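Here the structure comes first, spelled out in structure tokens, and everything after it is commentary.
The values are calculated or read from the model by the stated rules, or taken from the named source; none is laboratory data. Since this is a predicted model, take the numbers as computed values, not measurements. Cβ atoms come from the backbone with ideal geometry, glycine included; neighbour counts cover every protein chain shown.
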Amino acid sequence: MGPTGSGAVRPSAYVGRVIAKVEPLTPARALRGPFDYLLAGSLEDVGVGSMLVVPFGRRRLLGVVVDVAEESELPRERLVEPLAALEADVPQALVRLGLWVALEYVSTPARGLALVLPPGTGTGAARPVRPRHALRAEMTGAGAAALSRNGVRLGSRQRAALAALAGGPLGAAALARRAGCDHSTLRSLERRGLVVLDRAIEPARRPRVQSVGARASEVRLTSAQRAALTAIESRLDDGAQRPLLLHGVTGSGKTEVYLRAVAAALRRGRSAIVLVPEIALTPQTAGRFVDRFGDAVAVMHSRLSRRERYDEWWRMRRREARVCVGPRSAVFAPFADLGLLVVDEEHDGSYKQEGDPRYDARRVAERRAADEGALLVAGTATPRPESMLRYERLELTRRVDGRRLPHVEVVGMVGAVGPIHERTREALDEVRRRREKAIVLLNRRGWSNFLSCRTCGRVWECPNCDVTLVLHRAAGEIACHHCGHREPVPHVCGECGSVSVARHGTGTEQLEREVEALVAPLPVFRLDSDVAAAAGVAAVLRRFDAADAGVLVGTQMVAKGHDFPAVTLGVVLDADATLRFPDFRAEERTFALVAQLAGRSGRGERGGRVIVQALDPQARALRYAAAHDATGFLAGELARREAFSYPPYGDLIRVVCSSTEAGPELAAADAVRELIVAAGVPALGPAALFRRQGRHRAQLVIRSRERTAAIAAVRRAVEAVASDRAHGAATFAVDVDPQ
Ligand code: ADP
Ligand code: ZN
Ligand code: ZN
């Protein structure tokens, strides 16, 4: 960075001054810091994690101090001072973590740092949010007199403001809404003595968490829970090293162990983070933490406004909140004294971020725990092969109430008529007669997978992606699940004019109807992302919880960690659909989906059972899931992974090049591949992927047992090709640890 010639001479003017190394928060990939600035005067207490506004050429940029030094390699006359320091500052360890994420997931420092900054600070495109000072106005006696006498001259805005204040004091925002007046109106009224204004920091808005389902009061731990807690506490005292895997069957009381572990961390004066899959899908868990720890909990979820997120961030930063419960981004909670990091339902795919930086919160949690001397506890009924191999396992082998896990029956669908097997019909009918509850899972939304013309065979496809359009009957549309393209349901074939259109396959929308017919008059509730957008997941879950009998039908959302004691039947339709995709995680996913759904059944007095429908009932993942044998399943899975150097033995990196025209994406992928291979790292591909959102795509896969070297080679190769004008038509996405 910059000229370095004057490094040897240390000008005396530097004495007592300090150099701040600042990473600018800019989305531009090309602008890479850190850049040096001179701290002087009032800015001397700036340190790592401080946010500064700095001059940069003719621009001003927001930046984060990533290091402070005694001297700079730049000559003094080239060093400038920052323009201002912001109130926000980030713990040093988090600055390290943000920069680590940038490197590990082949992103930019600005994007990595944006993860650890106060919410809303973003990548510097927007102004950072600061604590807001609300202006409140109250009418004086003179103001009341002016309003009632016609002799006093008042502008129409001023009159409207006074009229609104006649009912009592109001905040500036409310006045703006009711009287259409702005700050300058209020200021002029204040100058005339007609109102008084005062400033108060608005109280932080506390987000509310709705709770659903069974509530936990203080309970006596089972001996297995106690043993797990004892192990956790002793690791907390030793300054933990290896992460713990809390492998407990569904209903074994893992949440209670987390609650006690958090309490144990708090007693030791340390804060705690609890990562959960999307909170909208698992409101129960977050609710339990709020019940137990009250205001000491900051809950982060996707429904929070920007302002609420910001307020929660500050409550943690000021140590008013000591526990953070939230989805993957909560791994960056701004605690400077972290003692415990819990990852609940650690198998859940939502821990991987889909946009850049494509970080995996579980790996970030490992890194953060190791760096800050905190203990990582990952819990699940269906561990990942990764954690099975690398973490120390604590087992909870029985449900807390001593009830058996539900009996699982796998039925073959070859030759079956319609989507629902005879056995499933009987079981649903029994639920109807006995007025019980059931959950039915089909991991495909919409009414039918695709439409075709009975005369000419044409299939309706997305104009932007090489996939079929899915029928959504209630909406009267066929829609693409990749780009959102939608069009009205066709009644005539555009190719041949035939009016005979066939519908193929069953989705949740159609299944809902079929189940309704089977269990009427019991209510049927549907949960998938179509419904979630409209009604809200929590609302659907609450209605199902409140009903005394009924059926919940939906996608994998229904298999998340819900605890509904009245459910006596679980059903999975087309359970081996996932196995038909060529993906090394297919078995793991199938096993987890079936085992998790099974975990929702039989949590109450009446016990429960599960029916799994599949084309191949002998599939290995299904057999092990039916036997509730996660350990046996994982043993075989690990052996297979080791033989092929798949995770956790090797690491995978995916590079996807894309372009709007066909051609440049392949050329770019070839160029990237060549550089990676030249660095001594083997790469497979390029292979064409289906066109998506109007973009042609080519993929490279790097599978390596030398993670650090592989990541570095990919980073250098992609940066080189991306900055080469010859490949200007291509864009690049790097995914380390793809899911
Ligand atoms: P998991 O997360 O392992 O599936 P949960 O934590 O949801 O299990 O526990 C299942 C149910 O058992 C919850 O309603 C919980 O309140 C209750 N529970 C947990 N521990 C105990 C215990 N020691 N004694 C009685 N009930 C318990
Ligand atoms: Zn046709
Ligand atoms: Zn599409």
| field | Residue in the range 460-482 that is within 16 Å of ligand 3 (Cβ to nearest atom), of a type in the set (D, E, K, R) and more than 28 Å from residue 418 (Cβ to Cβ) present | value | yes
| request: For residue 446, state whether it is within 25 Å of residue 581 (Cβ to Cβ), touching a helix residue (DSSP H, G or I) at 6+ places or on another chain (Cβ under 9 Å) and within 16 Å of ligand 3 (Cβ to nearest atom). | output: yes
| Pick from the range 552-566 the residues that are under 28 Å from the mean Cα position of the chain (by Cα) and among the aliphatic types (A, V, I, L, M): which of them is nearest to residue 431 (Cα to Cα)? | 552
| field | Selection status of residue 309, of a type in the set (D, E, K, R) and either assigned to a strand (DSSP E or B) or more than 24 Å from the chain's Cα centre (by Cα) (or both) | value | no
| task | Examine the range 362-377 for a residue that is of a type outside the set (A, V, I, L, M) and closer than 29 Å to residue 510 by Cβ, and state whether such a residue exists. | result | no
| remark: Among (1) touching a residue at least 40 places away in the same chain (Cβ under 8 Å); (2) on the phi > 0 side of the Ramachandran plot, residue 707 falls short only on (2)
| field | Residues of the range 216-263 satisfying the condition of being near ligand 1 (Cβ under 10 Å from one of its atoms), basic (Lys, Arg) and either assigned to a strand (DSSP E or B) or farther than 21 Å from residue 326 by Cα (or both) | value | 220, 226
| task | Could you please tell me which pairs satisfy a Cβ distance under 7 Å, a separation of 6+ or placement on different chains, a first residue in the range 724-739 that is surrounded by 14 or more Cβ atoms within 10 Å (Cβ to Cβ), and a second residue that is of a type in the set (Ser, Thr, Tyr) and assigned to a loop (DSSP other than H, G, I, E, B)? | result | 736/105
| Positions within the range 462-474 being surrounded by 15 or more Cβ atoms within 10 Å (Cβ to Cβ) and either in a strand (DSSP E or B) or in contact with a Gly (Cβ under 9 Å, 6 or more places away or on another chain) (or both), in sequence order | 464, 465, 468, 470, 471, 472, 473
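Conditions tested, residue by residue: (1) part of a helix (DSSP H, G or I); (2) over 25 Å from residue 734 (Cα atoms); (3) touching a helix residue (DSSP H, G or I) at 6+ places or on another chain (Cβ under 6 Å); (4) not β-branched (Val, Ile, Thr).
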position: 62; (1), (2), (3), (4): no, yes, no, yes
position: 68; (1), (2), (3), (4): no, yes, no, no
position: 98; (1), (2), (3), (4): yes, no, yes, yes
position: 101; (1), (2), (3), (4): yes, no, yes, no
position: 106; (1), (2), (3), (4): no, no, yes, no
| said: I'd like to check something: does the range 625-643 contain any residue that is on the phi < 0 side of the Ramachandran plot, among the hydroxyl-bearing types (Ser, Thr, Tyr) and surrounded by 15 or more Cβ atoms within 10 Å (Cβ to Cβ)? | reply: no
| request: Quickly run through the range 258-286 and pick out the residues that are among the small types (Gly, Ala, Ser) and more than 26 Å from residue 120 (Cβ to Cβ). | output: 261, 263, 264, 265, 269
| said: All but one of (1) part of a helix (DSSP H, G or I); (2) away from ligand 1 (no atom under 16 Å from the Cβ); (3) within 26 Å of residue 253 (Cα to Cα) hold for residue 545; state the number of the condition that does not hold. | reply: (2)
| query | Does the range 289-296 contain at least one residue that is under 20 Å from the mean Cα position of the chain (by Cα) and under 23 Å from residue 117 (Cα atoms)? | reply | no
| field | Unique residue being of a type in the set (S, T, N, Q) and under 25 Å from residue 432 (Cβ atoms) when the list is 506, 468 | value | 506
| query | Does the range 651-667 contain any residue that is outside any strand (DSSP E or B), over 26 Å from the mean Cα position of the chain (by Cα) and surrounded by 20 or more Cβ atoms within 10 Å (Cβ to Cβ)? | reply | yes
| What number of residues within the range 576-633 are touching a residue at least 12 places away in the same chain (Cβ under 8 Å), aromatic (Phe, Trp, Tyr) and assigned to a loop (DSSP other than H, G, I, E, B)? | 1
| Taking the range 533-566, which residues are in contact with a Leu (Cβ under 7 Å, 6 or more places away or on another chain) and at pLDDT below 85? | 537, 560, 562
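Quick grid of which residues meet (1) surrounded by fewer than 16 Cβ atoms within 10 Å (Cβ to Cβ); (2) closer than 30 Å to residue 254 by Cα; (3) touching a Pro at 6+ places or on another chain (Cβ under 7 Å); (4) free of Cβ contacts under 8 Å to residues at least 60 places away in the same chain:
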{"site": "393", "(1), (2), (3), (4)": "yes, yes, no, no"}
{"site": "402", "(1), (2), (3), (4)": "yes, yes, no, yes"}
{"site": "407", "(1), (2), (3), (4)": "yes, yes, no, no"}
{"site": "418", "(1), (2), (3), (4)": "yes, no, no, no"}
{"site": "422", "(1), (2), (3), (4)": "yes, no, no, yes"}
| Residues (surrounded by 21 or more Cβ atoms within 10 Å (Cβ to Cβ) and modelled with pLDDT of 85 or more) located in the range 567-581 | 567, 568, 569, 570, 571, 572, 573, 575, 576
| query | If we keep just the residues of the range 327-378 that are part of a strand (DSSP E or B) and within 13 Å of the chain's Cα centre (by Cα), which is surrounded by the most Cβ atoms within 10 Å (Cβ to Cβ)? | reply | 343
| said: I'd like the full set of residues that are more than 19 Å from residue 372 (Cβ to Cβ), under 29 Å from the mean Cα position of the chain (by Cα) and of a type in the set (Asp, Glu), limited to the range 50-100. | reply: 87
| task | Determine which member of the set 279, 273 is modelled with pLDDT of 90 or more, under 30 Å from residue 601 (Cα atoms) and more than 15 Å from ligand 1 (Cβ to nearest atom). | result | 273
| query | Does the range 588-605 contain at least one residue that is surrounded by fewer than 20 Cβ atoms within 10 Å (Cβ to Cβ) and either touching a helix residue (DSSP H, G or I) at 6+ places or on another chain (Cβ under 8 Å) or at pLDDT 95 or above (or both)? | reply | no
| message | Being surrounded by 16 or more Cβ atoms within 10 Å (Cβ to Cβ), farther than 30 Å from residue 242 by Cβ and among the hydrophobic types (A, V, I, L, M, F, W, C) is the requirement here; does residue 440 meet it? | response | yes
| Matching residues in the range 56-98 - criterion: being free of Cβ contacts under 8 Å to residues at least 40 places away in the same chain and either surrounded by 18 or more Cβ atoms within 10 Å (Cβ to Cβ) or in contact with a strand residue (DSSP E or B) (Cβ under 8 Å, 6 or more places away or on another chain) (or both) | 56, 60, 83, 84
| said: What's the number of the only condition in (1) surrounded by 15 or more Cβ atoms within 10 Å (Cβ to Cβ); (2) away from ligand 3 (no atom under 14 Å from the Cβ) that residue 486 fails to meet? | reply: (2)
| query | What residue, among those in the range 411-450 that are part of a strand (DSSP E or B) and at pLDDT 95 or above, is nearest to residue 494 (Cα to Cα)? | reply | 441
